[in-house]
Amino acid sequence: MTAGPLLAAGMATLAAGTYGFRLSGRLLRARVSFPPPAQRLLEDAAVVVLAALAATTALLQGHGFPGPARPAGVLAGGLLAWRRAPFLVVVLAAAATTALLRLAGVR
Amino acid sequence: MSSIYRTLAGPPLRHIGFACLAVWLVGVSYGAVAVASGLPAWFPAVQGALVLAGASEFLFVGIVAAGGSPVTAALAGLLVNARHVPYGLALPDVTGPGWRRLLGAHLMNDESVLFALAQDDPARGRAAYWACGAGIAACWPGGALLGAELGGLVPDTAAFGLDAMFPAVILALIVPALRGRAARRAALAGAAIALAAAPFLPAGLPLLLAALALPLASGDRAAPRAPRSQRSLP
């Protein structure tokens with residue numbers, strides 16, 4: 001495992017850079033005013049990036065496939081969300097589906 | 001806090017509470033996974049408080065646990081977190097200037113942005129942003145702290161399906177936006193682009209490439225949009 005100081009430096013870099021991203025968007029926004037269509041476009045951009053985040057974390061482990069149990073759980077959660085199930089039910093159902101599939105021997 | 005309560009009392013506050021509870025649970029899984037990967041027990045909670053962006057933290061832990069350098073892990077995490085720039089541009093002014101903006105920027109995350117954008121008037125958007133941001137700033141590191149303690153006790157976190165929770169949280173958050181056909185088309189195409197690019201690019205970059213699908217989202221413009229209240233979050 002990596003030594004403590006290097007680990008702390010990596011974390012500090014991530015924390016400082018992430019804060020920089022957060023603040024820069026806010027500062028730009030405060031100076032530039034966006035017409036409504038551009039605002040919609042930015043909202044859509046956030047949804048598209050989040051959809052990609054959900055898909056990659058569900059279907060990839062590093063650069064490989066994590067086995068069907070995890071995507072199956074996420075899919076179960078997604079279907080419940082589509083049926084307007086409460087948030088907590090969605091998340092717990094996803095974990096439970098994955099856990100039960102693994103218990104049944106599906107990786 | 002009391003004015004936030006008055007402004008949001010009812011369903012929005014309850015939804016934010018559930019979202020924070022779910023994030024807390026995912027935080028528990030993150031703490032447990034981090035410690036099970038060999039990271040020190042202090043690490044997940046401290047990183048959780050300072051970075052406060054779950055996906056990048058899972059990624060950081062994953063890369064370091066696989067023997068990668070923390071520098072690589074930090075760069076990959078930054079790629080994932082670059083999405084906060086468009087978030088910051090998309091949000092109307094929810095914080096005001098000065099120290100509020102400096103503090104408020106740290107509370108910006110997937111959930112607080114989505115809840116703020118889902119409200120139909122600026123005052124509610126502002127209240128939702130602060131309530132959700134503060135709730136997650138407490139629940140995420142708090143969950144990680146507990147998870148790090150439990151991590152030593154639970155030998156195999158995968159057996160509990162904890163790795164399915166994070167994508168499910170994100171999916172639950174974007175489902176209301178996906179009810180629009182054009183937005184759904186763009187999101188599916190963006191996901192496909194990211195998945196196709198993932199084997200060839202360092203983690204994080206495929207997420208930014210997904211934005212290439214954005215032109216597909218423009219179809220909903222011609223037809224009048226559903227009222228905001230119908231697009232509100234779970």
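Please treat every number below as a calculation from the coordinates, not as lab data. If you're wondering where the values come from, they're calculated on a predicted model, not measured in any experiment. Positions of Cβ are generated from backbone atoms using ideal geometry, with glycine treated the same way; all protein chains shown enter the neighbour counts.
When only C-alpha pairs under 8 Å and at least 6 residues apart count, what is the relative contact order of chain B, in percent?
Taking the mean separation of contacting Cα pairs over the length of chain B, I get 30 percent.
Just counting partner chain Cβ atoms within 10 Å, what average do the residues of peptide B:104-117 show around their Cβ?
Partner Cβ neighbours, averaged per residue: 3.
With r defined as the distance between the Cβ atoms of residue A:96 and residue B:21 and R0 fixed at 22 Å, what FRET efficiency is calculated, to the nearest 0.05?
0.90
Report the percentage of all Cα-Cα pairs in the protein assembly as shown whose separation exceeds 27 Å, rounded to a whole percent.
Tail of the P(r) past 27 Å holds 40 percent of the pairs.
Just the Kirkwood number for the range B:2-159, please: inverse of mean 1/r across all distinct Cα pairs, in Å, one decimal.
Answer for the range B:2-159: a Kirkwood hydrodynamic radius of 16.3 Å.
What residue among B:61, B:95, B:141 has its Cα farthest toward the positive end of the dipole of the range B:2-159, where the charges are +1 on Lys, Arg and -1 on Asp, Glu, each on the Cβ?
Going by the Cα projections, it comes out as B:95.
What's the average, rounded to a whole number, of partner chain beta-carbon atoms within 10 Å of each residue's beta-carbon in A:73-83?
6
Which of the DSSP-defined H helices in chain A satisfy a minimum axial length of 15 Å, computed from C-alpha atoms, and a minimum mean Kyte-Doolittle hydropathy of 1.0?
Helix filter hits for chain A: A:36-59, A:69-82, A:87-103.
Anything in chain B that counts as a DSSP H helix reaching 15 Å or more along its axis (C-alpha) with Kyte-Doolittle mean of at least 0.0? List them, would you?
The qualifying helices are B:11-36, B:54-65, B:70-81, B:122-151, B:181-197.
If you rank B:157, A:13, B:72 by fewest surrounding Cβ atoms within 10 Å, what's the result?
Ranking B:157, A:13, B:72 by Cβ neighbours within 10 Å, fewest first, gives B:72, A:13, B:157.
Would you list B:121, B:163 from fewest to most Cβ contacts within 10 Å?
Least crowded to most crowded, the residues run B:121, B:163.
Let me have the 222 nm mean residue ellipticity of chain B computed from DSSP H runs of 4+ only, each contributing -39500 (n - 2.57), with the sum over all residues rounded to the nearest 500.
My calculation for chain B gives -20500 deg cm²/dmol from helical runs alone.
Please report how far the C-alpha centroid of the range A:1-49 lies from that of the range B:32-103, rounded to the nearest whole angstrom.
10 Å
Taking only the alpha-carbon positions of chain A and ignoring solvent, what does the Debye formula give for the base-10 log of I(q)/I(0) at q = 0.10, 0.18, 0.21 Å⁻¹?
Relative scattering, expressed as log10 I(q)/I(0), comes to -0.52, -1.02, -1.06.
Once both labels are modelled 7 Å past Cα along the beta-carbon direction, what's the residue B:120-residue B:181 spacing in nm?
2.5 nm
Ignoring everything except DSSP H segments at least 4 long, calculate the 222 nm mean residue ellipticity for chain A; use -39,500 (n - 2.57) per segment, divide by total residues, nearest 500.
Calculated from helices alone, the mean residue ellipticity at 222 nm is -27000 deg cm²/dmol.
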